Every structure is written in C-alpha cells, then in structure tokens.
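Everything below concerns the one structure shown next.
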Amino acid sequence: MIANSVFVLALWGALGSILVSPKSNRIMSFMTFMITSVIFFFLSKNYLAGTNEPFSFEWLKYMSLQVDIDLSSNTRKFEQILPIFLLSIIAMLVAVFNSEEMRKQRFCCLVALNLCVVCGAVCAVNLMQLLICSCLMTVLGFCIIDDMDARKKYAFYNLLADLSLFSVCSLTYGYIGSLDFKSLPMFDKLGAHRDLVAILLAFAISLKLGLFMFHNQLYDLSVLHFNRLAYLLFCSTPFAGLIILHKFYPLTSVSAYGQPILKTLSVLTVCCGIYSALFMNNIKEKTIGLVQILFGFGLIQLLFFSADFKVIENIILFGGAVFCLMLYAVYYASSYELNVSKMGGFISGNKFGFLLQMIAFFALLHYLLISFSGNAYYVALGFAAILTIVVAHILRQIFFGETHADERVLAMLKNPAWYLLFSLLALGGLLASFSYQKALIETGAMFILFVVCLIFYPLRKTEALYNSELVQESDAFETIFDFLIITPLTILGRILWLLVDFILIERTIINSLRDATGLMIRSVSKLNMFSAKLYIFYVLASFGLIAFLAYMGNK
Amino acid sequence: MLNTFSILSLIIAIPFLGMLFTLFAKEAGDNGTRNVFSVAVFAVIANIVMILRIFMLMEVYKPGLQLVETYNWMQNPNIDIVFGVDVLSLMLLLAIHIAFIIGFIGVRNNLEHQKSLMVWSLMFLSMITGFFVAADIFSFYIFFEAMLLPLFMLLGMFGDVKRQEYINRFLLYNMLGAVIFFVATVLLFNYQHGMLELQQLNNMKLNSRLEYFIWAAIFISLLSRIPVWPFHYWIASVNSSIRNPMIFLISMILPLTGIYGFVRFLPKTLPSILGNYILILQIIGVVTMLFIALIGLINKDRQYKIFSYITVYYIMYMLGILTRNEVILLNIAFSFFSYLIIVASMEVFSHYIAKEQNQQGVLDDGLLCAYPKLSIIYSFMTLSAVGLPLSSLFLNNFLILSDLLAVNIKMGIIMLLSLVIVSSALLKELFRLRDAEKCALTASGQNDISRGIFSFMLFICFVLLMSFIKPLWFVIGA
C-alpha cells in the first residue's frame, strides 16, 4: 500500500511540478489535495486492518554494494507515516484556499513529492535509502522555501548535515561492510574512530533538527508564508533529523560523546525555545520558539528516558501543528499583523477562534500528560507547566489587556478562515481521542495554571524586550560562527594564496627557472662568440683536460 | 587480429576526419550558415553513437581490456600499436564527448576564429580518444604528448593579454613531464627488448635501481598534468585566464590524462618502492586539496571557484585510484561520467553569465533571476556538483570515500573538509547569482538561453539523473 501510494504521489507530484500553468493553479492544487486525501483514507483503512505488505526493489547490485529500496507496509510504519500525511493534507488545504499563497500548484506538488521521500525515509532498512531520502528532503525543502535569504542558511546547514551523515555512513560501511540498519550494532565491535562517528552523527542530527547553536536557520524561515513555514518546521528536514536519530540510535552510544552532546543540546534547545516564545516580537518567531520547545522536549524524553518514538513523533508533529495553526489563526485574523506588541484585546472580535485554540492546546497537553510514566512523567508534567505558562503569556498578550493594534487591524479583525479553524478542531479532536478519562486532574491543574497566568500576567515585564534591538535582531551564533570559522578560513585562504602561489611559486620557482634559463643562454652565447682570445683559451683548456685525464689514468 | 581497421580505430578517426571536413567547411557568414559548427557537432555525435555501439559489443563488468586491436607498425625495431578498452575508458570517453557537445553549444555564437577553434578542438578530441584506447606504452606516450599541440595552439589564439606568460608555464611544466616520460618509455623499451602492452606492466619485474628511477619518472610526468602542488599553478593560471568555455573545457580535461595514467600504470600489487611514493603523493594530494579549496572559497572569480572544485575532485579520484581497488576504479569511472558533464555545463553557463553581464553592463549579483531557464540548469548543476543525489556523483563518491576513510582516516577527514569547502563556495556563488534583491534586470527572459538549448540541457539533466539511478542505464542487459 505504501509503495502504491508513493508511486501515485511521485508521478502526480513530478508532473504537477513540471506542468505549472497559472490557469490551472487552483484546480491542480485542489486535485493534489484530493488525491493525497484519498490515499490518506486508504492508508488509514489499511492501518486499522493491520495490513502487512512486503515490497522490496533491488536497486543496485555492485560487487561491493547491494542496495534495496524497501517500501513495505506494516502497522509500525503506518503509525509513523499517517501523521505526516495528515499534516501535509492540512498544508495543502490551506494552500488551496489561502489567497496569500500564490504558487499553489507548485507548493502542493512539492508537498506530495516530499511525502514520497518521507515514506522512503520511514521505510528505509539501509543507510543508503535513508541518506538519499534525507538529501532529497533537503532539495525539496530548498524548493519549498521561496525566499533567497531564507534559503542560504537552510542550504548550508543541511548540506553540512548531509555531508556529515554521508561521512558517518561511509565510515560505518567501511568497517562493517554492510548498509543494513540491522548491522549497525556490529559497529560497536568492529568499528574504529567511534568518537568521530558519534560526534559527526550528533552534528548531523543537531543541524537537521535545528537544535541550539544551529537554530538560526529556522528563524531565517520566518520571512516565508506561514503555511510554508509551518510545513517546513516539522514535515521537512527536522523530521528527517528525527528519523535519522531513530534509525541511527545504536551509533549514538558507541562513544562517550554522542549522547551527552545531544542531551545537552536538547536541554539548551528547550531554553532557547522558551526564550524565543517569550521575548520575540515576531509572531512567526514565537511559533518557531514553541516548536523548538517541543523538539527539545521530545529529544529529552528519547535520550534520557528511551521514550517510545511513536509518541514523541506524535507530540512533535501534532504539537507543532497545533501551535502553528493557533498563531497562524491570529496572524490571519489580524490582517497579517506580524508583531505581538501591536496586538492585544483581540478577544472581542475573535471569541470562537480563541475557544478553538484553547481546546486544541489542552488536547495537546492532555495527550502529553498521559503518554509517559515513571520519571519521564514528572519531566512531562514540569514541561506541561512551562508550556502552559508560555502559551498563556502569548495568548494573554494577543487576546486580553489593552490593545496596541492599529485602527485598520482592529476594524478588520475577524474570525480566522474556516480551513484554519477546521484544521485546529480536527487536530484537537484527534489528540483528545487518544485518551478519554486519564490524567484529567493534571489537565485540570494545567487549566487553572493557565487561567491564573491569564489573570495575573506574571511575565508582563518581558514586554519591554520587544523594543530591544539586541534581543529582536541579533544573531549571536551567526557572529560566533563567522568569527570562529569563516573569518579564519578566509584569512588562511588569503595567506596561502599570497604566500604559496605568488611568493613561492610565481616569484621564487618560476622566476628562478626563467632567470636561470636566461643566464644559461647568455653564458652559452658568450662562450660561442667568435674571438681569437677565446679560441686560444679553449685550445689550452682542452690540452689541460687531456693532460689531467692522462695523469689520472696513469695514477 | 593484425592490421584490421576496426571500431576502436574508427572512434579515433571520426573526430580526425571531422577536423578535416571542418577545415574545408565554409566559415559562418552573415546569412546565418553554420557549416563549421554543424560539421564539428556532427562528428562528435557520430562518435558518441560509435561509443554506445562499443558498449553493446563488450561485456561491461569483465575485467581487463576488451576489443583489442593490434597493428604492427615497425619490424625493426619491433613496434606494435595496440588498442583496447574497458568500462572505465569508455565511460570517460562518453563523458568527454558529451562535454564537447556542451562546449560547442557554449561557443556556437562565437564567430571569431570559429573554424580554428573547431579544428583544434576536434584534433584534441581525436588525440584524447586515442589516448584512452591506447593499450601499449608507445601509443600511450604518443597520444599523451600529441594532445598538447591543439591546446598550445588554442592558448596562443584565444588566451588573454598575459597568454605569452601562461604559454611559457604550460611549456615549462609539460615539457618537463614529456621529457621524463620519454626517458622512462625508452628505458622500459630497452629493458623489455621490445614494445610493452600496458597490461603487462602489472607483471613487470625491474631491478631496484631502474625501478626507483622509472617509477619516479612516471609519477612526475603524470603529476605534471594533475593540479597537485606545485603543478597546480600552471593549470590554475591557464584555467583562470581563459574566457572561452571550449578551451577551458579542454584544459579541464587535460588533468584527466594524468589520472588515467595512474590507472594504467600502477600495478595491482605495489612494489615496495612505490609505498614511499604513494605516501608522499597522498600527503601532497590532501594538502593541495585543502589549499585550493580555501583559495576557491575566498577568490571572487567564479572561474577560479570552478577550478578549485575541479581540482579537489581530481585529487580525490587520484587518491582513490592509488588504493588499487578494482571496485573503486569502477565507481570512479561512474563518478567521473557525471563529474565531467557537470563541470562542462557549469563552465559553459558561467561563461554565458559573464557574457550577459558584460553586454548588459550590470553586476552579476542576482543575474540568474532575469534568466529563468538558465537559472534552472545552473542550479541543477550546482546542486549535483555539491553532492546531492541528482547524479552518479552521489553514490559513487560514497563508495570512494568510504574506502578512503577506511584506508587513512586523517586523509579522509581532510578530503571531506575540502569537499565541504568547495561545495560551500559553489553554493555561495549560486546564491549570489540568484539574489533577487540585487538583480538589476527584469525577468523578461529575452536574452535567456534558447528553447532548443534549454531542451538539450534538460536532456542532459535527465542523463545525470538516470546515471544516479543506474550508471550504465544506456547499456542493455548491464
């Protein structure tokens, strides 16, 4: 079933991407949406029926390398693929009906193609299939980003990530001689340079996921259309990062460095996300901050408590989608106002939207609270409290208090578009359906905390930071990387160029050779000049040489 | 099979005959005739058809040279000319021919000395074809040196104001290599009391003093063609001074002859004397890679960036060949196929960008935004070049690198670092060219590449994509 879906989507997506026409923009995008929805329906049906369908295609058979493309269907894979399908359908729905999205057909077809690649990554049973899917996600993400500035960091970071992963795969394959994921634990016995492998892997995962230090690539995406941003935040390369972590998990522990690096970065990512969600003025950057918190949390649960990957995937994907839709709804309702400092008091024209946002958010919290046990549960509880405070703080600024909005924004204030509300309701309903009556007390406590935060607004002083240029504009890590990596490399390049190419080769070797040749020519010319004195000199010298040789011979 | 005019001789003869026809063809005139161009392109296409036919005739995965042809040239001294091919030489030949078509497209509107350009280019093609099918040391040497003549003439005709200086360097380095190689050939000839097939070199036993000298001579002469330090300097000077894509292409192909020489000369089991040479070569190789990659990163000249990319990859292939792993050799062949086509396309379109920049009198920042078709092709080529899975570079480089990392981790890491740096330099350049905010032109598409060229380049992209899926996709039953 997965294989069939991939073929249909790949064919449709490829054709749709090539045959782009302004006339068919909406129709083609709508058809892509419908086709994906139908496929989603059949996939869900197969999932519920517990279908197991093997599909393996022998792609390469070199002497040294056998690569099979695996697209087998089973319950586990359906569980991983279906959330991405659902979110892709939502992204397509928004693209079809939103007038701000100009290139609907292209976007929907790229999403369809990305779905194929995601299926390939999830179903991968060997390093090569995953590596190719990861690289293809980078290419498709690059195409989905329709802003050149946003593309720069994205492309560089993902290129580095892919090359790191490439190196990890090369090294692993070099030692264990197999590309199969099942053989990865053998690296612990047969492999060498474990530190290097673990560090490179941690580096690749951090870059793909946009963890702390490498998060500025995600913030550069804030210039994109909200829908594209949302899609890229969790359905594109960050999702590839998650899959890589999941599949390469045995390699993270082959060295003493792999896991500590990732653990540290995930904790710092949560802090960074909280910082952005609270202090950034741009609503899109706040969204990215919230998604970062989820990523950090997911990684903490995976790395510290070996949580179930399916649960983490659901939290990150659905949670990310809920936050994106919540803030996108606000952005839409306020006629595309970007700055939260220019909002406030929106509840008057947006009651229904607020209610739906609350439902979706608490459904997410509820799902989060019922998904863990033991120590992981207490972490989840603390995390839920942090998330409640942060979200309450943001919603308080948007919906309550004195308004700072322009008259135009206030006059045009409306309920969000039906497709946003419908999507929010669908996601909220879905999350709520995972559990019925468990953890109701904890969820209730969170609700009280939420209300308290709304009423007392404890973090009100952070509003002052909206005017701070240092907080809003600075990109500390870009400056650091520039200072530590780019500038030294540039200086080194210049020194080598001047010192080696010009001074050593040009001025010393080539000029010396040229001068030596000139000197030789001049000397020979002089020796061959017609002159009686020279003639006598040569004759005498010859006699001298003969005499010397005769003497040496006798001796 | 003695003195039989056969298919390998034919693929050397076709470009040569094409050259003769071109010589007598009418120059392009005001009435739009393009006889010279058409004849040259026809000759190359005809040869591509023949090469594809050879693929059908041979068993592609069988080791050793196939379709061997032997011609007795002289009785006393006894000199035989032997030709033969394997999948490596054929893949390289096919890629070179496709690169030539791309190069011809790049100069089709360049009417100044067009006939000379086509004539010398076809001569070079004929010589390099001979070089790749040469199976004995004598014909190998002849073609190795003969291909320098066309490049020498082209440099003299099309070089920039400093061409005299560059020709001096070109001669200095290549004459050095030629003389040393000649001495090695003569010594081998005398030692073996007759001509020597390249395949026999694997089993050759030499006395230690001679061995020491011969291998040093062969290494230096082959290295004189490869842009490793300090030989990189003449190639860098020549490459960055040429503003004609066809000649850049030819000078870019020249290092391939040095690399290929290593494939043919290095024995399967290395004599102990070679161990030291190879270690030195590995050290020089990786240092050069890093060195050139760094210069490519800081250099603002796009041509130099492409040159640095070419150099890093050539050295990587050279180091791969030095491992003497048969499977790696096959992967290098597949990787080279895409590499040559990608580099040729990038150079041709980079030249087109420079030409448009001069004609429009604007900076090239964001220029691609005004040329959508060109932008698609250039972006595809850059993304393929940086190693994304769009061509056979991806998979085959994976295997080459995994082998090199296993052989020597430090060398592998420096190599990876160099690859990252050159890839970043190319990406940075792409972003600069596609920066819409800095674009001084409107996207009218008026001066964009023609629909015909765009279609042809889309076909080339298709060929590259297919090479990713299956390197020998065009060979039935491979």
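The values are calculated or read from the model by the stated rules, or taken from the named source; none is laboratory data. What you are looking at is a predicted structure, and each value in this text was computed from that prediction instead of being measured. Virtual Cβ from ideal backbone geometry, glycine too; neighbours counted across all protein chains shown. Keep in mind that these areas ignore ligands, DNA and RNA; they rest on the heavy atoms of the full protein, side chains included. Shrake-Rupley method; radii C 1.70, N 1.55, O 1.52, S 1.80 Å.
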Q) Mind checking the dipole of the protein assembly as shown: about its Cα centre, +1 per Lys or Arg Cβ, -1 per Asp or Glu Cβ, Debye to the nearest 20? A) 600
Q: Can you spot the lysines whose alpha carbon is less than 19 Å from residue B:355's alpha carbon? Ignore those fewer than 8 places along the same chain.
A: B:300, B:305, B:373, B:438
(Q) For a distance above 25 Å, tell me the whole-number percent of Cα pairs in region A:292-438 that qualify. (A) 32
**Q.** Order of exposure, largest accessible area first, which applies to A:81, B:413 with probe 1.4 Å
**A.** B:413, A:81
Q.
I need the helices of chain A that pass two filters: whole DSSP H segments spanning 27 Å or more by Cα along the axis, and mean Kyte-Doolittle score no lower than 0.0.
A. A:25-48, A:75-97, A:104-123, A:148-176, A:258-279, A:283-305, A:309-333, A:351-370, A:375-399, A:532-554
Q. Considering every Cα-Cα pair within chain B, what fraction, in whole percent, is farther apart than 35 Å?
A. 28
**Q.** Neighbouring partner chain Cβ atoms per residue of B:398-409, average, 10 Å criterion
**A.** 6
Q: Run the 1.4 Å probe and let me know the accessible area of residue A:133, rounded to the nearest 10 Å².
A: 10
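Which percent of the accessible area of chain B is formed by carbon and sulfur heavy atoms (probe 1.4 angstrom)?
Details: 10590 of 16740 Å².
Answer for chain B: carbon and sulfur cover 63 percent of the accessible area.
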**Q.** Cα gyration tensor shape for region A:1-85, rounded if a/c is under 1.5, else prolate or oblate
**A.** oblate
Q) Which value, in Å² and to the nearest 10, is the accessible area of residue A:418 when all protein chains are kept and the probe is 1.4 Å? A) 140
Q) In degrees between 0 and 90, to the nearest 10, how far off the longest principal axis of chain B does helix B:114-133 point, with axes built from Cα atoms? A) 40
Q: Whenever you get a sec, line up A:468, B:350 from highest to lowest accessible area (probe 1.4 Å, protein heavy atoms).
A: A:468, B:350
(Q) Heavy atoms of the protein only, probe of 1.4 Å, neighbouring chains included. What is the accessible area of residue A:535 in Å², nearest 10? (A) 150
Q: Would you mind checking the tilt of helix B:232-241 against the longest principal axis of the Cα atoms of chain B, expressed as 0 to 90 degrees and rounded to 10?
A: 30
**Q.** Averaged over A:123-130, number of beta-carbon atoms from partner chains that fall within 10 Å
**A.** 1
Q. Which translational diffusion coefficient, to the nearest whole µm²/s, is obtained for chain A from the Stokes-Einstein equation, given a Kirkwood hydrodynamic radius over C-alpha pairs, 25 °C and 0.890 mPa s?
A. 92
Q: Could I get the Rg over Rh figure for the protein assembly as shown? Both from C-alpha atoms, Rh via Kirkwood, rounded to two places.
A: 1.04
Q: Using only protein heavy atoms and a 1.4 angstrom probe, determine the accessible area buried between A and B, summed over both sides, in Å² to the nearest 100.
A: 4500
Q.
Sort A:354, B:398 by heavy-atom solvent-accessible area, probe 1.4 angstrom, most to least.
A. A:354, B:398
Q.
Under the 0.36 nm per residue contour assumption, what length would be gained going from the current alpha-carbon distance of residue B:192 and residue B:49 to full extension?
A. 47.7 nm
(Q) Tell me the per residue accessible area of region B:297-478 using a 1.4 Å probe; a whole number in Å² is fine. (A) 30
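Average partner chain C-beta neighbours within 10 Å, per residue of B:286-295?
For peptide B:286-295, the averaged partner shielding equals 3.
Please compute the contact order of chain B in relative form: average sequence separation of alpha-carbon pairs under 8 Å and at least six residues apart, divided by the residue count, as a percent.
Values: 695 pairs, mean separation 70.4, N = 478.
The value is 15 percent.
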Q: Return the long-range amide H neighbours of residue A:66 (sequence gap of 5 or more, or a different chain), with a cut-off of under 5 Å between placed amide H atoms.
A: none
Q: Under a cut-off of 25 Å between alpha-carbon atoms, report the lysines in cross-link reach of residue B:470, not counting same-chain residues fewer than 8 places apart.
A: A:61, B:62
Q.
At R0 = 35 Å, how high is the FRET efficiency between residue A:502 and residue B:152 if r is their beta carbon distance? Nearest 0.05 is fine.
A. 0.90
Q: Collect residues whose amide H, placed 1.01 Å from N in the peptide plane, falls under 5 Å from the amide H of residue B:73; neighbours closer than 5 in sequence don't count.
A: B:79, B:80, B:81
Q | Listed residues A:466, A:477, A:488: farthest to the positive end of the dipole of region A:444-509 (Cβ charges) | A | A:466
**Q.** Mean ellipticity per residue at 222 nm, deg cm²/dmol - from DSSP H runs of n ≥ 4 across the protein assembly as shown, formula -39500 (n - 2.57)
**A.** -24000 deg cm²/dmol
Q) Which whole-number percent of Cα pairs in region B:123-232 have a distance greater than 18 Å? A) 56
Q: Please give the helix B:7-24 orientation as an angle from the longest Cα principal axis of chain B, in degrees from 0 to 90, rounded to the nearest 10.
A: 50
**Q.** Long-range amide H partners of residue B:136 with built H, under 5 Å
**A.** B:82, B:198
Q: Provide, as a two-decimal number, the C-alpha radius of gyration of region B:363-478 over 2.2 N^0.38 Å, N being how many residues it has.
A: 1.31
Q) Expressed as a rounded percentage, what relative contact order does chain A have, with Cα pairs under 8 Å and six or more residues apart? A) 11
Q. How about region B:287-355: which trypsin sites (Lys or Arg not before Pro) there are in a DSSP loop, with at most 15 other Cβ atoms within 10 Å of their Cβ?
A. B:300
